[in-house]
Structures are given as C-alpha cells and as structure tokens.
Amino acid sequence: MTTRPPLLFLTMPLFTALDYETRYDNERSVTKQGNRGYASILCDKERGGHHDDIYMLSAYNPKIGRWAGLPDEFDWESIRDSEFFVHHNAGFDWAMTQRLVELGRVPEWVLEKPVYCTADLCVYSYYARSLNGAVYSLFGENLDKGIRNWMKGRTWQDAIAEGKDKELLEYADADAYWCWKIWDKLGSTFPESERGLSVQTREMTHRGFPFDMETAVEWKELLSKELFKARGLLEYTEEINPKYNKPYEPGSMPGLALQCEKVGIPCPSTTSKEEDEYIEWVEAYGKTHAFVNAFKSHSEINSLIKKIESMIEKAYKDSDGNWWVSYALKYCGTHTLRWSGGADGSAGGKFVSGGSLNVQNFPREAKYGCELRNLIKARDGKTLVLIDLNAIEPTLMAKWLEDEPTINLLREGLNPYEAHARQTMGYTGTSLKSDDPDMYLLAKIRMLSLGYGTGWHRFYKNVKTYNKLDILDGEPLPKKVFEFGSYINKYAKDRVSEWKDLDEDTKRHWVNAWLQVTAFRKSNPLITRKWRELETQYANSDGSGFQYRLMNGELLEYFKVRPEIKPRRGRSCIVRRGDKRRSFMYGAKIFENILQREARSVFSNGLTLVNNAGYDVVMHVHDELVVEVDEGSAEDDAKHIQELMTTPPSWIGDGVPIRAEYELSKVYRKT
C-alpha cells in the first residue's frame with residue numbers, strides 16, 4: 001500500500017476518483033467475456049479465480065490524498081462524504097465495484113453513489129478517450145503503461161516475487177490521480193443531459209438485452225455442421241503449409257492460391273467481401289468450382305458462429321431464470337458523438353471483427369437459416385417496441401439550409417425522399433413509395449450519399465450493394481457516353497484501363513451513375529453552395545483549428561488543420577486532442593458531420609425522454625430504439641414512446657416535423 005499526503009481541501013463538491021487493476025490473460029478478459037462476465041469470473045475459485053484477482057485499488061481526492069493498495073485494505077469510510085465517484089472507463093470499474101460488493105469486500109452504500117466516466121467526458125469534450133492521450137493533451141504528461149502490459153497472466157504475488165510491486169503501486173496511484181484531475185478541469189463543461197446519457201449507456205449495456213439461449217445453441221450446432229461441409233471442399237486444408245509445418249487454415253490465402261493453381265483459375269488478391277475483385281471472382285468461378293463458393297461460405301459461417309459464441313460467452317441468467325447478454329457500446333464513439341460498437345473494458349479499446357459482439361452491425365439479413373437479430377427476444381409476458389426516426393438527417397438538412405420549399409412539403413406529410421423526387425426527379429404522382437419503389441429507392445440513395453458529396457463510382461457501388469443496378473439500366477445517349485469518357489480521362493485516370501475491359505451493362509451503369517451525380521449537383525444548389533462555404537472556411541483554418549456552431553448551440557470542432565500531399569492531396573486534421581491519427585476532411589464531409597451531429601442531438605433528446613419516463617430501453621442502433629414493454633399495454637406504450645421520440649428539442653420547435661415509425665415484435669428484426 002502507498003499513501004501520499006492530502007492537498008489543501010478547497011471548497012468544491014467533493015468527489016473521489018477510483019481505479020481498479022485486475023488479473024487477466026488470454027482466457028479471462030473483458031474482450032472475451034465483457035465487463036459483467038469478466039467481473040463474475042474474478043475471485044471465483046470454482047471457475048479458476050483467486051482472492052487477489054482484483055488486486056489493486058487506487059483512490060484520490062484532495063481530502064485523503066493519493067492511495068493505492070489492496071481493495072480490502074482501503075478505508076471506504078474515508079470517502080463516504082464524496083458526492084459522487086469518477087472512473088476512467090466507468091463500465092469496467094463500476095463492474096469491479098459491484099463484484100466486490102457482491103463478495104462482501106466493499107460496503108453496499110458505495111453502489112448508492114452516482115458514478116461518472118472521465119473517458120466519456122473526454123470524448124464529449126473532443127479529447128482522446130485513452131487516459132494517456134487525454135492527460136498528455138490536457139496536462140502535458142506522459143503515462144507509462146508498460147507495467148500494465150507486463151502484468152498480463154501474472155498475479156499480485158508474482159509482482160511481489162519479481163520486485164515489481166512498487167512500480168505497480170505507483171502506476172495505479174497515478175491513474176486515479178489523473179482521472180480526478182480530468183474531472184476537476186472538465187467536469188463543469190459536461191451538461192447534465194450528457195452525463196445522463198453516459199450513465200444510461202453504461203447501465204443499459206451492463207444489464208444487456210434479453211436473449212434466446214435455446215435458439216442460439218441450436219443455430220451454433222446447425223452452423224457448425226455447415227462449416228464442416230464447407231471445409232470438406234477446401235482440399236488445401238489437407239495439405240501441409242511448409243512455412244508453419246502444419247495444415248493450411250481454411251482462410252489461408254496461400255492455401256487458396258494452391259488450389260486455384262491446381263485447377264487453372266486465377267486467385268484473387270483479396271478476399272474482402274466488400275471488394276469488387278473478390279465478388280466478381282466468386283461470380284465467375286463459383287458455378288464451376290465448388291471450392292470457390294465453399295471458401296466464401298466458410299468465411300461467412302465462421303463469422304456467424306463467432307458472433308453467436310460471443311453472445312453465449314457474455315450471457316448470464318437473472319434471478320428469475322431469464323437469459324441476458326451484456327454488450328459494449330461506446331458513448332460518443334464517433335467524432336459526431338454518435339454511439340458506436342466497441343470492445344468492452346478498454347477506454348481505448350478497438351472493436352475486433354467477428355470475435356466480439358457489435359450490436360451496431362448485425363448482418364442485414366438472415367444467412368444459412370439464421371437471423372442473428374432474432375436472438376434478441378423479449379421475456380415471457382413482454383414484447384419489443386422497435387421504433388425508428390424517419391429520415392432524420394435529410395429532414396434536418398432542410399431546416400439547416402433554410403430550404404422552405406422542402407420544409408413546406410414535409411409539413412404536408414411527405415417524407416424527404418419523396419419531396420426530393422418531386423422537386424428534382426420529375427415525380428408527380430400521389431405516393432412515390434407505392435407508385436414507383438425503384439424511384440423511391442433511388443431518391444433515398446441520392447439523398448443519403450450524393451447529399452454528402454459521394455462521387456459517381458461510390459454511388460454506383462452503393463446502388464450495387466442494394467442489388468438494384470436495374471435503376472441504372474437506362475440507355476444513355478452517345479453524347480453522354482462520350483462526355484463520361486472525357487471526364488474519366490481527365491479526372492479519374494485510374495478508371496480508364498478498367499473501363500476498356502468492362503462489359504456493356506457495367507459501362508452503362510457507370511455512365512448513368514455519373515449522370516445521376518451530375519444532375520443531383522446541378523439541381524441542388526443550396527447543398528453544393530454549403531459544401532463550398534465549408535470547404536473555404538476549413539481551408540482558411542490551416543495551422544489552427546476549425547469550429548462550426550451547430551443549430552443546437554454546441555460546437556463541432558477540428559484541430560491542427562494542415563495541407564497534405566501524401567498519401568493524397570487535401571487537408572487533414574485531428575478530431576480529438578491527444579489522438580495521433582489524422583483524418584482527411586473537406587466541405588461535403590464536414591457537411592455530413594454537421595448533420596449527423598444534429599441528428600444525434602434529436603435522437604438523444606428522444607432517448608432521454610423515453611428513459612426518464614421509466615421505459616425499459618434494452619438497446620439502440622443508429623436512429624432506432626428497442627424497448628421492452630408489457631404485452632398487455634404494448635400498443636399504448638408504443639404510441640407514448642413514439643410521442644416522446646418525436647418531441648422536438650427546443651432549438652427545432654415547429655421548424656420541421658420529426659416523425660418516427662414503430663412496430664411490435666417478440667424478437668428484434670430489421671424494420
């Protein structure tokens with residue numbers, strides 16, 4: 001244990017920073033089990049745990065000074081007069097406190113105190129999420145995390161035996177101190193509404209969503225059989241990889257190349273499911289070579305199994321015998337403060353594809369007889385309200401641009417996509433969605449991609465993703481084909497050689513995608529003018545930072561703007577102080593960021609109202625809310641939730657109508 005003398009206590013709300021250090025290894029970690037599941041394993045002897053799994057607590061406030069040692073040795077009464085506690089990554093530390101209370105090693109009153117997260121405070125304030133990045137940016141101090149990495153797979157007793165205990169105490173001691181300093185410096189700028197959203201996110205994800213364990217186990221067994229079948233067609237898995245002296249893995253590129261060579265077909269340079277090269281390779285050879293489709297299937301099935309295993313790994317039973325799955329969700333996970341999926345337990349953690357559960361990115365449709373969303377299932381006597389804000393970004397775009405013609409159409413009851421089709425695409429019917437679904441889809445894709453500056457080739461790929469290339473099937477005039485050829489010769493030279501080898505259908509789709517982009521930009525001068533304005537303002541910020549005042553009064557900020565030549569020309573910036581990664585920004589991208597941030601504000605307003613009304617929010621994805629309600633009052637509850645979600649923030653008032661649609665379902669599904 002180490003203690004340092006307290007500082008002079010000033011007149012301010014007394015709060016205490018707390019930080020835990022725990023034993024972890026490859027089999028037991030927050031990445032594998034999640035915060036809640038990992039905490040439940042610690043100190044459980046029947047599951048391989050040890051009393052000192054939670055081996056370190058550090059605490060700081062000006063009254064008690066700096067303290068670090070074993071949790072059992074801490075005088076909890078010394079911080080009982082604290083108004084609240086702060087942690088850097090409260091999801092993890094809060095779970096550790098709950099575990100110690102459960103074990104009787106921390107008094108129950110500790111859980112009655114409000115808990116706030118300095119990592120969440122940092123990202124809201126445009127600082128790095130990691131403690132090291134935030135401390136460096138705010139105070140110019142570097143924190144050494146080397147001892148933490150050294151402790152992987154080791155115990156507190158190992159640290160003592162190897163003379164590392166003092167170093168470990170100093171490391172832990174510093175974490176609590178700097179956590180306190182961060183809140184002391186920035187806490188007053190963290191609005192109550194955002195503190196509430198941070199807490200709601202932590203509590204919602206800790207409890208998790210109701211889970212159909214029986215179906216999950218059935219699907220895992222089903223998929224495992226399909227995986228075995230697919231592997232049986234990958235002959236290279238029976239051969240020895242000379243580099244490692246063991247059989248090739250199913251996903252091995254050298255193994256795939258070996259089988260391709262044997263049958264005389266080319267091997268793709270990438271197996272990314274998003275890349276055209278891989279997609280076209282599967283289409284070209286899948287019908288004649290079974291292993292091609294087997295390779296694709298094996299990758300997809302394996303990913304599904306990992307996601308199901310991740311849910312099962314994080315599942316737990318409540319006192320009534322119901323299964324739940326806790327999960328990770330990052331408050332302010334993006335620069336626009338929207339939530340994002342992410343790894344549990346690490347303030348700087350990165351989401352690991354396939355191995356971890358990302359509720360923001362469930363597969364869009366059922367595959368191999370399994371719809372993963374359906375594993376989220378309401379408990380007996382309950383049902384789910386699935387409610388989604390309607391086209392909130394295009395709606396706010398009309399208000400932000402002061403586009404009165406569009407606003408008037410929205411007030412008449414049209415959605416933004418039909419309003420766009422009527423104004424710029426020649427539609428004159430009564431209901432676009434029912435009259436011409438293809439035009440409706442095209443209008444939607446135009447608004448959600450071309451409105452944010454998407455180029456013609458990305459637009460083509462977006463349409464292709466929807467499997468609706470037929471909406472780009474019209475025969476362009478020869479003059480337009482010539483103009484397109486001249487365009488790519490001048491502005492897209494990397495596409496010229498590709499163009500020469502394209503089939504006629506794809507050439508037609510490329511030209512029509514370019515014509516759509518050109519027509520959109522000509523017919524939407526309010527949008528393109530705003531792009532240019534933002535581009536100019538951003539460029540004039542070279543050497544400093546760029547700020548934009550949002551409609552809700554807050555600032556969207558970009559830091560250390562500078563021109564770049566490599567890897568491409570443009571201007572880059574840092575979006576969070578203390579982060580090293582630079583992001584390329586330009587007028588249309590900033591335009592998109594602004595609208596995403598404004599939409600987040602509207603969604604957050606509705607979420608707060610629903611939560612404050614006492615409804616049981618189990619998760620939210622983008623602009624969609626999932627709420628569990630009693631079956632007997634489901635319809636009335638859904639209507640009330642809809643009313644709350646469409647209540648506009650004060651800065652919108654009656655400027656534009658906010659709309660939302662809901663449906664009732666026993667299981668979660670794509671609405």
- [ ] Could you please give the count of residues in region 645-667 that are within 24 Å of residue 377 (Cα to Cα) and either part of a loop (DSSP other than H, G, I, E, B) or open to solvent by less than 30 Å² (accessible area, probe 1.4 Å) (or both)?
- [x] 4
Task: Single unsatisfied condition, residue 651 versus (1) within 25 Å of residue 191 (Cα to Cα); (2) more than 23 Å from the chain's Cα centre (by Cα); (3) modelled with pLDDT of 95 or more; (4) not basic (Lys, Arg) - done: (3)
Open item on the list: Can you tell me which condition residue 331 does not meet? The list is (1) surrounded by fewer than 14 Cβ atoms within 10 Å (Cβ to Cβ); (2) closer than 30 Å to residue 582 by Cα, and all the others hold.
Closed with: (1)
Task: Output for region 123-141, where each listed residue is of a type in the set (Gly, Ala, Ser), in a helix (DSSP H, G or I) and under 13 Å from residue 89 (Cα atoms) - done: 134
Open item on the list: Return the residues of region 289-333 that are outside any helix (DSSP H, G or I) and of a type in the set (Ser, Thr, Tyr); say none if nothing qualifies.
Closed with: 316, 319, 326, 327, 331
- [ ] Could you grab me the full set of residues in region 235-288 that are charged (D, E, K, R), closer than 23 Å to residue 467 by Cβ and within 34 Å of the chain's Cα centre (by Cα)?
- [x] 273, 274, 275, 276, 277, 280, 283
Open item on the list: Take the residues in region 390-414 that are in a helix (DSSP H, G or I) and free of Cβ contacts under 8 Å to residues at least 24 places away in the same chain; name whichever of them is surrounded by the fewest Cβ atoms within 10 Å (Cβ to Cβ).
Closed with: 404
Task: Within region 415-437, considering residues that are open to solvent by less than 30 Å² (accessible area, probe 1.4 Å) and either not in a helix (DSSP H, G or I) or not hydroxyl-bearing (Ser, Thr, Tyr) (or both), the one nearest to residue 615 (Cα to Cα) - done: 416
- [ ] Output the number of residues of region 369-384 satisfying the condition of being open to solvent by 30 Å² or more (accessible area, probe 1.4 Å), assigned to a strand (DSSP E or B) and over 20 Å from residue 308 (Cβ atoms).
- [x] 1
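I need the helices (runs of 4 or more DSSP H) fully contained in region 466-550, keeping only those with at least 3 residues that are out of contact with any strand residue (DSSP E or B) (no Cβ under 6 Å at 6 or more places or on another chain) and touching a residue at least 60 places away in the same chain (Cβ under 8 Å).
504-523, 525-539
Would you say residue 671 is more than 27 Å from residue 123 (Cβ to Cβ), open to solvent by 10 Å² or more (accessible area, probe 1.4 Å), in contact with a Ser or Thr (Cβ under 9 Å, 6 or more places away or on another chain) and among the β-branched types (Val, Ile, Thr)? If you could, list the steps in order and put the result at the bottom.
On the way: more than 27 Å from residue 123 (Cβ to Cβ): yes; open to solvent by 10 Å² or more (accessible area, probe 1.4 Å): yes; in contact with a Ser or Thr (Cβ under 9 Å, 6 or more places away or on another chain): yes; among the β-branched types (Val, Ile, Thr): yes.
Yes; evaluated as a whole, the condition is true for this residue.
I'd like the full set of residues that are open to solvent by 60 Å² or more (accessible area, probe 1.4 Å) and within 16 Å of residue 298 (Cα to Cα), limited to region 255-273.
Listed by number, the list holds a single entry, 273.
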Open item on the list: From the list 120, 72, 93, 81, exactly one residue is open to solvent by 40 Å² or more (accessible area, probe 1.4 Å), of a type outside the set (S, T, N, Q) and in a helix (DSSP H, G or I). Which is it?
Closed with: 72
Task: Residues (within 24 Å of residue 53 (Cβ to Cβ) and open to solvent by 50 Å² or more (accessible area, probe 1.4 Å)) located in region 123-147 - done: 144, 145
- [ ] Give the residue, chosen from 562, 569, that is exposed (fewer than 15 other Cβ atoms within 10 Å of the Cβ), in contact with a strand residue (DSSP E or B) (Cβ under 7 Å, 6 or more places away or on another chain) and not hydroxyl-bearing (Ser, Thr, Tyr).
- [x] 562
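The values are calculated or read from the model by the stated rules, or taken from the named source; none is laboratory data. What you see is a predicted model, and the numbers here were worked out from it, not measured in a lab. No Cβ is skipped: glycine too gets one built from the backbone with ideal geometry, and neighbour counts run over all protein chains shown. Side chains are part of the model used for accessible areas, which takes the heavy atoms of the whole protein and leaves out ligands, DNA and RNA. Shrake-Rupley method; radii C 1.70, N 1.55, O 1.52, S 1.80 Å.
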